[in-house]
Every structure is written in C-alpha cells, then in structure tokens.
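A.B. asks: Have a look at this one before I ask anything.
The values are calculated or read from the model by the stated rules, or taken from the named source; none is laboratory data. This structure is a prediction, so every number in the text was calculated from the model and none was measured. FYI the Cβ positions are ideal-geometry reconstructions off the backbone, even for glycines, and counts take in every protein chain you see.
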Amino acid sequence: MSTAPGPAPASGLARLARPVQWGLLLVASAALAAILEWFGLPAALLMGPMLSGIAFGLSGATIRLAKPSVIVAQALIGTMIAGAITGNILVTFLGNWPLFLAIIVAVIAMSTLSGWAISRLNILPGTTAIWGCSAGAAGTMMLMAEAYGADARLVAFMQYLRVLFVAGCAALVAHYWVGLSGREPAPIDFFNPVEPLAFAETIVMMVATTALGLALKLPAGGVMAPFIIGGILNATGVITVALPNWLLTIGYALLGWNIGLGFNRAIVAHARRALLPTVLSIVVLIGLSGLLAALLSKLAGIDPLTAYLATSPGGMDSIAIIAASSDVDVPFVMALQTARLILVTLIGPALARMMANRTQPPDG
C-alpha cells in the first residue's frame, strides 16, 4: 500500500521563522544601503532594501509586506513629493504642454508596441505581454489583465522587472551625472530638526488625503492624493510639509522590500521563457526615454538629469526618491511623471485592450 508523498521540505530561508527572516532582511538592507551610500549612489536607502528583498525572495524567503505597510510607504513618498511643490510648477507645465504631451504619448506608444510584438511572436501566452509592457499604472494593468484572461503572475513580474531596471538605471545615471557636474547632494541627516506643529499638520494631512484617495479609488491613490492635495496646500502656504528623514527612511525601506520580495523562485521560473524579450523591451524603452530626455533638454532648456528622471518610464514613487536625493528640479520631474500616470490610467487600459483584440486569433 503506497502513501501519498507529503509536502516538500522547506529550503533556503523558508526554513527560518518569519521574525528571523525579517530581522535578517533588516540587517542586510541596512548594510547594503550603507555601502551604496558610501559609494555615493542616489536613493541608496531605496536600492539597498530593494536589492536585499530580491536576494531574499530568490533565496526562498516567505515574508511579504502587508497591504497597510505598502500604503504607509506610498503615503510617505507622496507627502515627501508634496513638500517640493511650488507655484512655478504649473507655469512650467503650461508653457511646454505640447512637448510634454508628445513625450508622454511616445513613451506609452513604445511600451504598447513592445507588448504587441512580444505577443505576436507567441513568446508569451494570450495578451499577457500587452498588459505587462504597459508604461505605468501597474496596479490597474494587473487588474485589467486578470479580468481579460491574461496570466496575472507574468504581468506582475514584467511590471516589477521594469521598475527594477528603471530605478537602477536612473540611480546610476544620477550618480554618473554628479561626476560630470561636480554637484554633490548633501549628506543625509537622519535626525534633521522638524518643527512640531508643522510635523503634526503634515501627518494629519497625509492620513486624511490617503484615506480620501483610497476611498475614491484613485490610481496610485496612496501616492497621488497626498502628493496633489498636499502639494497645493504647501504651495499656497496653508501648511508647511515637514517630515523627518528617519521616517522617510522607513518609507523607502518598505517600498524597496515590496518591490524586491515580489521576485521569488516560483514567479521567476514561471517567467523564464519571457525573461530575455522582456529585458530587451525594457532596455529599448529606457533608451527611447533617454532620447526623449535629450530632446526635452534641448527644446525646453531643462538640465539633462532632470529631463532624464522626468521621462523615465515608472514607477513614480521610486523615481521620486531618486529625484529627491539628487540635485534636480523635483517639481518638474513629478509634474511630467504625474501627467504620464494620469494619461496612462485614462487611455492605457483601452489602448491595451485594443491591441489585445488585434492579437487574439479570430474565432473559428
């Protein structure tokens, strides 16, 4: 009489208790962030946890961030961006809106065509590539993909992989640009003084706007609502956005872990066949964004690093952290990133659905 085999024994980090896994991840993230900071890499406090999260995910770690933790991270990033908003941002945007619109449309078109090509070559099943290659609004695209019968795991992998590549390239470009310009960002003061009343007002605003954004189901509501409403309040002097760097560091770490831990053995094995074409499409998209940045810099007189970060194809929260830790025009970067996110959210699902219909074989 044979007995059914039991579950396979846990391997790698999965053998450890979850509190131990979290402790090791915290230590690894702090050590790697310190090393990257020592080398002068922008957004080291994001990249250290992100890369550590990837290493842990691929080593069998079973820990994942709870959704409230992700929302807290997004709210902190959105509030941080709001503190950089001034009244000049709208003037700049309105003065160059045809150019901005053309750049945004070019990025969306290129990403959509990449997905269409991968799908037509039958590298990925069904319409998965169309949704996975979308330049932004990752959450919306994953929901739409699942509703349209695409492989949600592959779509998530492609979206996370693009965020990883874009963030890494943006951080390296920002670091290299420092060497060209000779402008070093100020060292991080984790315990920077913050006026208590301003801090309290900021926290109240952050909590209220985040709740509003989630209730209204805004795209990336955890980031967008604090960013937009807080930015208006900050620019008009109603409140002064003030956050201590130690609190922002927590937000950076949470965001980095959320991205990094999304890479696990199962999803990477599942996506193995799609890895090379996906990477190629991401590299092409990053290259196109670089060309668009050069065009933006030449025609609008924007410094090259600001233009590059502004045209980088997502994710908005990681680009915001890199911009905040670099010597760039943060409001300009976020104006273009926000406009792209809004446009992708408005037309992206319909555009992806149209392309998906074109790749579906006819019935009969």
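A.B. asks: Pro304 versus (1) within 30 Å of Pro98 (Cβ to Cβ); (2) at pLDDT 90 or above: which is the lone unmet condition?
C.D. replies: Every listed condition holds for Pro304 apart from (2).
A.B. asks: Oh, and also: Six or more apart or on different chains, Cβ under 7 Å: which pairs go from a residue in the range 51-70 that's modelled with pLDDT of 90 or more to one that's assigned to a helix (DSSP H, G or I) and of a type in the set (Val, Ile, Thr)? Could you list them?
C.D. replies: Between residues of the range 51-70 that are modelled with pLDDT of 90 or more and residues that are assigned to a helix (DSSP H, G or I) and of a type in the set (Val, Ile, Thr), the close pairs are Gly53/Ile259; Leu58/Val268.
A.B. asks: Hey, could you check the range 216-233 for residues that are at pLDDT 90 or above and surrounded by fewer than 24 Cβ atoms within 10 Å (Cβ to Cβ) and say which is farthest from the chain's Cα centre (by Cα)?
C.D. replies: In the first step, residues of the range 216-233 are kept if they are at pLDDT 90 or above; the result is 226, 229-230, 233.
Now narrow it down to the ones that are surrounded by fewer than 24 Cβ atoms within 10 Å (Cβ to Cβ): 229, 233.
On the way: Ile229: 20, Leu233: 25 Å.
Result: Leu233.
A.B. asks: Which of the residues that make up the range 167-202 are at pLDDT below 65, over 20 Å from Ala294 (Cα atoms) and touching a Pro at 6+ places or on another chain (Cβ under 9 Å)?
C.D. replies: Pro185
A.B. asks: When the residues of the range 303-343 are filtered to those that are among the acidic types (Asp, Glu) and more than 17 Å from the chain's Cα centre (by Cα), which remaining residue is nearest to Gly78 (Cα to Cα)?
C.D. replies: First, pick out the residues of the range 303-343 that are among the acidic types (Asp, Glu): 303, 317, 327, 329.
Adding the requirement that they be more than 17 Å from the chain's Cα centre (by Cα) leaves 303, 327, 329.
Numbers: Asp303: 24, Asp327: 19, Asp329: 16 Å.
Across the range 303-343, the extreme among qualifying residues is Asp329.
A.B. asks: Something else about it: Only residues that are modelled with pLDDT under 90, more than 11 Å from Leu76 (Cα to Cα) and either outside any helix (DSSP H, G or I) or not polar (S, T, N, Q) (or both): list them for the range 234-260, please.
C.D. replies: Hits for the range 234-260 are Ala235, Thr236, Gly237, Gly256, Ile259, Gly260.
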